[in-house]
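The values are calculated or read from the model by the stated rules, or taken from the named source; none is laboratory data. Being a predicted model, the structure only gives us computed values, none of them experimental. Methodologically, a virtual Cβ is constructed for each residue, glycine included, from the backbone with ideal geometry; neighbour enumeration extends over all protein chains shown.
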Amino acid sequence: MKQDILKKAKEINEKFNVFITIADKVETSGKGKLSGIAISVKDNICTKGMQSTAGSRILEGYIPPFDATVVEKCRKEGAFIIGKTTEDEFGFGTFSINTGFDVPKNPLDPERSCGGSSGGAAGLTVAVDFPHIAIGESTGGSISCPAAFCGVVGLTPTYGRVSRWGLIDYGNSLDKIGSISKTVKDTALLLSVISGPDEYDSTVLQLKQEDFTKHLKDSVKGIKIGIPKEYFGEGVDEKITKLVWQAIKKLESLGANYKEVSLPHTKYALSSYYIIAMAEASTNLAKLCGMRYGLHKPIKGNYDEYFSEVRSQGFTEEAKRRIILGTFTRMAGFREAYYLKALKVRTKVIQDFKKAFKNYDVLIAPTMPVVAPRFDEIAKLEPIQHYTMDILTVGPNLAGIPMISVPCGLVDELPVGLHIMGDHLQEGKIIQVAHTFEVNK
């Protein structure tokens with residue numbers, strides 16, 4: 001049966017390029033909360049004995065000698081790993097086109113993007129017909145975005161809720177490992193398994209493992225919903241806005257209350273996010289120099305020449321762009337002008353959310369401003385237009401709060417995501433609201 005699943009995975013991959021690597025065989029303990037469930041793993045999360053490239057040719061052939069903590073926890077609960085899903089290189093993108101491998105295609109319409117950067121994870125999830133949950137990762141919206149574009153559920157936990165040990169980092173202060181599945185129940189189940197303390201990760205919160213499935217309650221009676229007015233502004237498709245408001249009204253009819261709220265520093269969140277994320281990325285990627293693992297060439301010339309040749313060949317254009325911009329913002333004279341100011345803006349963004357959560361249980365907005373675009377449309381966009389696609393997701397990711405995207409309907413026959421955000425460590429509330437909407441929509 002499990003070998004049949006690997007066969008199906010290969011068939012799906014031939015059509016949609018959702019994997020970079022597919023497992024050769026199935027290995028499982030057979031018992032546990034995830035028994036019988038196939039788990040796919042985003043390619044920037046290490047898997048023992050299975051290639052882990054983070055979507056980059058510079059790491060092609062790198063086979064970790066260990067499992068990331070989240071993978072190890074899944075194996076212990078009886079899951080079997082079916083493969084490593086396609087992504088934007090190191091998480092650098094919104095459409096999964098910035099990959100060193102084949103670009104994943106949206107199974108709902110192969111001419112359209114799966115979203116990014118966890119595009120393969122979401123594309124696989126919508127395509128499979130067997131029990132499956134994807135382990136994804138988000139830095140600025142990389143779980144929510146593909147979940148919305150593919151019409152599945154994506155849960156991004158509080159920063160520090162889940163161990164990042166074994167993650168090939170993009171931005172250390174922003175990266176979060178979460179789940180993508182077809183139902184809220186499955187995302188809650190995976191979070192229950194992968195969350196909790198870890199001796200190997202100094203940034204993980206020292207909280208006991210929790211059963212998040214206990215929050216799968218069909219009730220929003222008395223729940224207070226805040227509607228951030230800045231998330232319904234210019235650039236958001238009016239059809240999407242209309243659909244999201246219908247979802248809000250539905251929750252109101254089920255007993256919730258809503259009121260408009262302001263997050264005034266939202267307009268600064270996008271630039272702040274990209275300055276911080278690129279600065280951290282340029283530091284993290286400095287170790288990929290062709291010496292220890294991944295791409296290497298015969299050593300000749302001086303160190304700088306060798307280093308430059310390997311990185312020029314191994315990185316995509318987008319990775320090079322982000323490394324250059326990130327290095328610039330860390331240089332003497334610019335660190336104070338850009339990076340430190342961006343950190344101050346981040347504090348203001350966090351304060352906006354904290355103020356809102358004093359009065360509201362959750363905040364609700366569209367997940368993405370558009371439906372999944374066609375690849376020919378994406379090709380016409382400038383880099384800055386790619387970045388602005390993240391306007392609705394970078395704020396909550398900067399703040400490190402939990403969020404979940406659930407499908408709320410179709411626009412032009414393509415799925416739209418409803419983004420439900422909660423205060424730090426309030427995964428239970430967003431799961432409850434998402435589940436209630438899911439079973440009553």
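Quick rundown of the values:
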| read-out | value |
| --- | --- |
| Among (1) in contact with a Ser or Thr (Cβ under 7 Å, 6 or more places away or on another chain); (2) crowded, with 19+ Cβ neighbours inside 10 Å; (3) part of a loop (DSSP other than H, G, I, E, B) - the single one Tyr62 does not satisfy | (2) |
| Single unsatisfied condition, Ala319 versus (1) surrounded by 19 or more Cβ atoms within 10 Å (Cβ to Cβ); (2) over 21 Å from the mean Cα position of the chain (by Cα) | (2) |
| Helices (runs of 4 or more DSSP H) contained in region 67-186 and holding at least 1 residues over 24 Å from Leu285 (Cα atoms) and over 16 Å from the mean Cα position of the chain (by Cα) | 69-76, 119-127 |
| Verdict on Pro407 being more than 19 Å from Gly233 (Cβ to Cβ) and either modelled with pLDDT under 95 or not in a loop (DSSP other than H, G, I, E, B) (or both) | yes |
| Filter pass, Asp352 being within 19 Å of Gly140 (Cα to Cα), touching a residue at least 24 places away in the same chain (Cβ under 8 Å), touching a Pro at 6+ places or on another chain (Cβ under 8 Å) and of a type outside the set (Gly, Ala, Ser) | yes |
| Filtered residues of region 211-228 (kept if touching a residue at least 24 places away in the same chain (Cβ under 8 Å), touching a helix residue (DSSP H, G or I) at 6+ places or on another chain (Cβ under 7 Å) and in a loop (DSSP other than H, G, I, E, B)) | Leu216, Lys217, Asp218, Ser219, Val220, Ile223 |
| Thr28 being in contact with a strand residue (DSSP E or B) (Cβ under 6 Å, 6 or more places away or on another chain) and part of a loop (DSSP other than H, G, I, E, B) | yes |
| Ile240 being touching a Phe, Trp or Tyr at 6+ places or on another chain (Cβ under 9 Å) and under 28 Å from Phe95 (Cβ atoms) | no |
| Only one of Tyr293, Tyr303 that is in contact (Cβ under 8 Å) with a residue 60 or more places away in the chain, more than 28 Å from Gly141 (Cα to Cα) and surrounded by fewer than 19 Cβ atoms within 10 Å (Cβ to Cβ) | Tyr293 |
| Residue match in region 280-287 (condition: surrounded by fewer than 19 Cβ atoms within 10 Å (Cβ to Cβ), under 27 Å from the mean Cα position of the chain (by Cα) and under 22 Å from Lys358 (Cα atoms)) | no |
